[in-house]
Amino acid sequence: MADLLETSARFIDNDIYEGAGLINRPTTELSEVGDGIALIEAFSHVVTFRTGDGLVLFDTSLEAFADGVKKSLRRWTDEPVSNICYTHGHADHVGGTGCFLCEAQENKAKKPRVIGHENVVPRFRRYELTNDYNFTINARQFAPAEELRMGEGSGPTHRRFGPDPWVNPDLTFRDRMSFKAGDTNFELHHAIGETDDHLWAWVPEHKAICSGDFVTWVFPNAGNPQKVQRYPLEWANALRAMMAYEPELLLPAHGLPIAGKARIASVLDTIASALEEIVSQSLAMMNAGARLDEIIHSVKLPASYFDKPYLKPVYDEPEFIIHNIWRLYGGWYDGNPSRLKPAPDAAVAAEMAALAGGNAALVARARELAEKGEMRLACHLAEMAALAEPDSREAHAARAEVYGKRRKEEASLMSKGIFGFAERQSKQKSGAND
């Protein structure tokens, strides 16, 4: 069993990063991290408190991990689950709930009470309305081995996103609530950040914070290009609210638990400061009349932030967060009048191909730029070539090459996933898979 607290202390105190594999380990292994407190590592972790009057769980992980989580839990204790708290309604945090409800039913035990913020249920209903869309974007983001159909206008059919069914909370709250299990008190606080339905918890008897996805040991997921609005400044405010309690144990839903008041305060302050800096720089440029394009290519964080093992941009990226800041404070118009009511992308691409003297010129220039390492421009031209002549195998071969090279050079999972999806699309259309 890994000593998670020792590992996190070594990484934080020495600014050591030994790769994501030692920080996020979806092993379903249980580690006791305090007196009667355990963390089970999974796709998202399950944090559990043994209260003497039933276990209190924070999250239940992804549906596919639930059985492994339950087995690890039951090797630790046979105490029944009395309460399940959703830190928020993402599938990797709520998917395993059905497994614990079934366990209670099989043991003829009292059904666990499920607690969440009042916005969790509307989130579940949105997921049901957009099931195929969410399945598709998660397939792009996480690049599964099983390919989706890539034809024009096609999408996944008869595929389910999330657990079946989504288990609604039995008890919801708006701003704050408290409950007691055995001799342990739990204070639940609503805050917005990655989602609008998030909670974090203060457990005073243990001086512990359950932070959910407010701390994930990667750069904050406040910009995800395929997901709904995120709230970076409010995220920072939530971290500072946690600091005010002077916690001695921090239990995140991803990454390593952290012990030590000073160490925790430093981590929370650094993450909050990084978010505040992005917002401050972006809003200053917005107020000065800058376009989104200018802001994206101008706002930079000090490199010292990225030296921290818990702020590596390997999932989301600061550049993506700027888009969410613009959307939150300024709407969808990016300041370029030509994009207010634009021509179809394919029409612009065809016109560019004609001006270049033919689509072959776009293809050749895209490859040339990619060889020089000018990947942003190369992707524009490769995309135009494929849009101008969507049946051209040569155009799609170039597009696949360019996006394949781009994918290898990117650090974040989101960039790799989207560029890799485009690469696979064009490989198929180029005939490379024939």
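The values are calculated or read from the model by the stated rules, or taken from the named source; none is laboratory data. Predicted, not measured: the structure shown is a model, and the values here were computed from it. FYI the Cβ positions are ideal-geometry reconstructions off the backbone, even for glycines, and counts take in every protein chain you see.
Listed values, structure above:
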quantity: Members of the range 340-377 found to be surrounded by 15 or more Cβ atoms within 10 Å (Cβ to Cβ) and farther than 19 Å from Y403 by Cα, listed by number; calculated: V348, A350, M352, A353, A356
quantity: Residue under evaluation P390, criteria (1) in contact (Cβ under 8 Å) with a residue 24 or more places away in the chain; (2) not in a loop (DSSP other than H, G, I, E, B), criterion not met; calculated: (2)
quantity: Candidate set from the range 167-225 (those that are assigned to a strand (DSSP E or B) and among the basic types (K, R)); member that is nearest to the chain's Cα centre (by Cα); calculated: R176
quantity: Strands (runs of 3 or more DSSP E) fully within the range 1-102 counting 1 or more residues that are under 20 Å from W200 (Cβ atoms) and among the polar types (S, T, N, Q); calculated: 46-50, 81-85
quantity: Condition check for S44: closer than 20 Å to K71 by Cα, at pLDDT 95 or above and buried (at least 20 other Cβ atoms within 10 Å of the Cβ); calculated: yes
quantity: Subset tally (residues that are surrounded by fewer than 23 Cβ atoms within 10 Å (Cβ to Cβ) and in a loop (DSSP other than H, G, I, E, B)) for the range 238-253; calculated: 4
quantity: Subset tally (residues that are of a type in the set (S, T, N, Q) and free of Cβ contacts under 8 Å to residues at least 24 places away in the same chain) for the range 13-50; calculated: 2
quantity: Qualifying residues in the range 386-419 (those that are among the aliphatic types (A, V, I, L, M) and either closer than 14 Å to D316 by Cα or within 17 Å of the chain's Cα centre (by Cα) (or both)) - the one surrounded by the most Cβ atoms within 10 Å (Cβ to Cβ); calculated: M414
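Per-residue answers, yes or no, for (1) touching a residue at least 24 places away in the same chain (Cβ under 8 Å); (2) outside the structural domain of N24 (by TED's automatic domain parsing); (3) closer than 23 Å to E32 by Cα; (4) of a type in the set (S, T, Y):
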residue: L62; (1), (2), (3), (4): yes, no, yes, no
residue: S72; (1), (2), (3), (4): yes, no, yes, yes
residue: H93; (1), (2), (3), (4): yes, no, yes, no
residue: N107; (1), (2), (3), (4): yes, no, no, no
residue: F124; (1), (2), (3), (4): yes, no, no, no
